[in-house]
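Asker: Structure in structure tokens, see below.
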Amino acid sequence: MSDILVDKSDGIAIVTLNRPKQRNAVTYAMWCELAERFRAFDSDADIRAVLLMGAGGDFSAGADISEFDAVRGGAEESTRYEVAVDAAGDAIYEVSKPTIAILRGYCLGGAAHLAMSCDFRIAEESAVFGIPAARLSIVYGVSATRKLFSLVGVTEAKRILYSASRFAAREALANGFIDELAGDATAAALERANAMAANAPLTIRGAKFILNGCARGDLDRVEAERLISEASKSHDYAEGRKAFAEKRTPGFLGC
Ligand code: COA
């Protein structure tokens, strides 16, 4: 059985980290595969939203520490490893479709980076968060730290990283790490994804590009203007206006 499962149905892709006996700890091979999978969703017109979750009771206990000696032993290997982690996080962050992390059980360390790379985080009461890098003498990566900072602010980010302590779902809702607490996070995520998937893909792509650029502080204005212009010449813009005039639901194609 593969360590990453991808199920596509009705325009929604569900990516599942599938090592429940290891609490879905993410191996080097999985970081690499996640980057490839999410880059592929970008050009898959049939996919309108992507959900990320863990098999069993946990999202993930983070990077697989048991293979660190083999794949993250020295400085050079550590750099290669962190490049792979950032590539996975950035592929999730940059895919031009809405992404939602479904969080239950442990969401620790590198898994928090995966969750923070999604547009939205919906958790159940069972979720437990934390970034234990200070217990391993690892500096949490730049990309992941920036995402943490933009979600919770600088003081809370420092508290989370310096203390390495765990926090519960209610605290994560209060500090901005998650944006919804639900009895059934999968059902809530599917409902949100389906509603967004019915909207114009080019609008979502443009909004995500601009907001991500603002959050990172490196917005490419030229590319943003290109996306705005492309949408204004699209089939979907004509369809949106036509549907409004005819008082019907628009059928968007993403072009
Ligand atoms: N890497 C590798 N294996 C992991 C893992 C990780 N990050 N997290 C859990 N596992 C493995 C455990 O080694 C154990 O394997 P075993 O059954 O072969 O002994 C199995 O998953 C179940 O975990 P266990 O520790 O027995 O469960 P627990 O309920 O007592 O504790 C955790 C759960 C998540 C609190 C604990 O496993 C832990 O602290 N994991 C490390 C978390 C971490 O530091 N992540 C950041 C990495 S950068």
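Asker: Limited to the range 39-62, what total is found for residues that are free of Cβ contacts under 8 Å to residues at least 60 places away in the same chain, within 16 Å of the ligand (Cβ to nearest atom) and touching a Phe, Trp or Tyr at 6+ places or on another chain (Cβ under 8 Å)?
Answerer: 3
Asker: Additional query: Of Ala115, Ala189, Ala185, which residue is open to solvent by less than 60 Å² (accessible area, probe 1.4 Å), within 16 Å of the ligand (Cβ to nearest atom), modelled with pLDDT of 95 or more and closer than 18 Å to Gly57 by Cβ?
Answerer: After ruling out the rest, the residue left standing is Ala115.
Asker: Let me ask something else about it. Testing Ser66 on (1) open to solvent by 50 Å² or more (accessible area, probe 1.4 Å); (2) over 29 Å from Ala169 (Cβ atoms); (3) not in a loop (DSSP other than H, G, I, E, B), one condition comes back false. Which one is that?
Answerer: So the condition that Ser66 fails would be (2).
Asker: Let me confirm something: among Ala195, Ala188, which residue is over 17 Å from the mean Cα position of the chain (by Cα) and within 14 Å of Phe120 (Cβ to Cβ)?
Answerer: Only one candidate qualifies: Ala195.
Asker: Next up: Please go through the range 12-50 and give me each residue that is small (Gly, Ala, Ser) and modelled with pLDDT under 95, ordered by number.
Answerer: Across the range 12-50, the qualifying residues are Ser43, Ala45.
Asker: Scan Asp42, Asp10, Asp90 and give me the residue that is over 15 Å from Cys118 (Cβ atoms) and either crowded, with 21+ Cβ neighbours inside 10 Å or among the acidic types (Asp, Glu) (or both).
Answerer: Going through Asp42, Asp10, Asp90 in turn, the sole match is Asp10.
Asker: I'd like the full set of residues that are open to solvent by 70 Å² or more (accessible area, probe 1.4 Å) and either under 22 Å from the mean Cα position of the chain (by Cα) or aromatic (Phe, Trp, Tyr) (or both), limited to the range 218-243.
Answerer: Within the range 218-243, Asp218, Asp220, Tyr237 meet the criteria.
Asker: Does any residue of the range 97-105 turn out to be farther than 30 Å from Gly73 by Cα, of a type in the set (S, T, N, Q) and buried (at least 19 other Cβ atoms within 10 Å of the Cβ)?
Answerer: Yes, the conditions are met somewhere in the range 97-105.
Asker: Return the only residue of Glu156, Glu230 being in contact (Cβ under 8 Å) with a residue 12 or more places away in the chain and over 17 Å from Gly254 (Cα atoms).
Answerer: Glu156
Asker: Then there's this: Could you check the range 192-217 and list, in sequence order, the residues that are part of a helix (DSSP H, G or I), open to solvent by 40 Å² or more (accessible area, probe 1.4 Å), touching a residue at least 40 places away in the same chain (Cβ under 8 Å) and not aliphatic (A, V, I, L, M)?
Answerer: Arg192, Asn194, Arg205, Phe209, Arg216
Asker: Another question about this same structure. Go through Ala134, Ala127, Ala88, Ala101 for me and flag whichever is within 17 Å of the chain's Cα centre (by Cα) and within 13 Å of the ligand (Cβ to nearest atom).
Answerer: Matching residue, one of Ala134, Ala127, Ala88, Ala101: Ala127.
The values are calculated or read from the model by the stated rules, or taken from the named source; none is laboratory data. Computed from a prediction, not measured in an experiment: that's the story for all the values here. Cβ coordinates were reconstructed from backbone atoms using ideal geometry, including for glycine residues, and neighbour counts include every protein chain displayed. Protein only, heavy atoms only, side chains kept; ligands, DNA and RNA dropped before computing areas. Shrake-Rupley method; radii C 1.70, N 1.55, O 1.52, S 1.80 Å.
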